[in-house]
Amino acid sequence: DVKVTQSSRYLVKRTGEKVFLECVQDMDHENMFWYRQDPGLGLRLIYFSYDVKMKEKGDIPEGYSVSREKKERFSLILESASTNQTSMYLCASSSEGRGKLFFGSGTQLSVL
Amino acid sequence: KNEVEQSPQNLTAQEGEFITINCSYSVGISALHWLQQHPGGGIVSLFMLSSGKKKHGRLIATINIQEKHSSLHITASHPRDSAVYICAVRYNFNKFYFGSGTKLNVKP
């Protein structure tokens, strides 16, 4: 069964902490994405990566960075967490062209 | 401006009813996806369409490329179909636009 695995289902952090969200896919996909999902705002793209070490900013990259050192792993980093980054974070991956989009189960992050 | 518009935003149905969710988009696309999200859960891909019609069990998805419109139908709806259904379009090779979702509640 194909999988996108996110390291934590729930996470509680303090304001100012550095936060790492990890995502691993086992489908050899080129493309990986980080989204956040907020009530009434839908899915918004933070960053995506189309190859190892390659990344592109999405619609809301401020306050976030990413790392893709290996094809299967895409990490989202909150350099200094703030309360407005409390949200559901979803990782996704897809192959090139017309491939399906596969999502992880999400990480509900609360920043206190 | 929303590149992907879904309707309705909320839908309540009785078990057994036929359900239709609509999606309109304004950009050129390579494919359209229908996604399902159960409360507190991750997102599952139901269909990927670039033309015509696809069927999986009680779910049917259609797309009209000329009219830039897609529909998701659920026949003989069941309470376990209660979820948020999201339309997404793939454009510009690697990127996606998402609709705001349709929250479906099927009552027994």
Original post:
Pick from region B:88-108 the residues that are open to solvent by 10 Å² or more (accessible area, probe 1.4 Å) and not in a strand (DSSP E or B): which of them is nearest to A:His29 (Cα to Cα)?
Top reply: B:Asn94
Original post:
Which of the residues spanning region A:50-86 are of a type in the set (Asp, Glu) and either touching a residue at least 60 places away in the same chain (Cβ under 8 Å) or under 17 Å from A:Gln6 (Cα atoms) (or both)?
Top reply: A:Glu69, A:Glu72, A:Glu79
Original post:
Applying the selection to region B:75-87, what residues are closer than 13 Å to A:Leu43 by Cα and open to solvent by 10 Å² or more (accessible area, probe 1.4 Å)?
Top reply: B:Val84
**OP:** Go through the residues of region A:81-98 one by one and say whether even a single one is out of contact with any strand residue (DSSP E or B) (no Cβ under 8 Å at 6 or more places or on another chain) and either within 13 Å of chain B (Cβ to nearest Cβ) or under 20 Å from B:Leu32 (Cα atoms) (or both).
**Re:** yes
Original post:
Assuming B:His38 fulfils every condition listed in (1) more than 27 Å from B:Phe93 (Cβ to Cβ); (2) within 12 Å of chain A (Cβ to nearest Cβ); (3) over 14 Å from the mean Cα position of the chain (by Cα) apart from one, which condition is it?
Top reply: (3)
Original post:
Limited to region A:1-49, what total is found for residues that are in a strand (DSSP E or B) and in contact with an Asp or Glu (Cβ under 6 Å, 6 or more places away or on another chain)?
Top reply: 5
Original post:
If we scan region B:48-63, do we find a residue that is small (Gly, Ala, Ser), over 17 Å from B:Gln9 (Cα atoms), in contact (Cβ under 8 Å) with a residue 12 or more places away in the chain and facing chain A (nearest Cβ under 10 Å)?
Top reply: yes
Original post:
In the list A:Gln37, A:Gln25, A:Gln108, A:Gln6, which residue meets the criterion of being open to solvent by less than 70 Å² (accessible area, probe 1.4 Å), in contact (Cβ under 8 Å) with a residue 60 or more places away in the chain and under 22 Å from B:Ile29 (Cβ atoms)?
Top reply: A:Gln37
Subject >> Filtered residue count, region A:99-112, keeping only those that are of a type outside the set (S, T, N, Q), within 11 Å of chain B (Cβ to nearest Cβ), more than 12 Å from B:Asn94 (Cβ to Cβ) and assigned to a loop (DSSP other than H, G, I, E, B) >> reply: 3
Original post:
Exactly one of (1) open to solvent by less than 40 Å² (accessible area, probe 1.4 Å); (2) at pLDDT 95 or above is unmet by B:Val4. Its number?
Top reply: (2)
Original post:
Of all strands (runs of 3 or more DSSP E) completely enclosed by region B:15-67, which ones contain at least 2 residues that are touching a Lys or Arg at 6+ places or on another chain (Cβ under 9 Å) and not β-branched (Val, Ile, Thr)?
Top reply: B:19-25, B:31-37, B:43-49
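The values are calculated or read from the model by the stated rules, or taken from the named source; none is laboratory data. Keep in mind it's a predicted model, so treat the numbers as computed, not measured. Cβ sites come from the backbone with ideal geometry, for glycine too, and all protein chains shown count toward neighbours. With ligands, DNA and RNA removed, areas are computed over all heavy atoms of the protein, side chains included. Shrake-Rupley method; radii C 1.70, N 1.55, O 1.52, S 1.80 Å.
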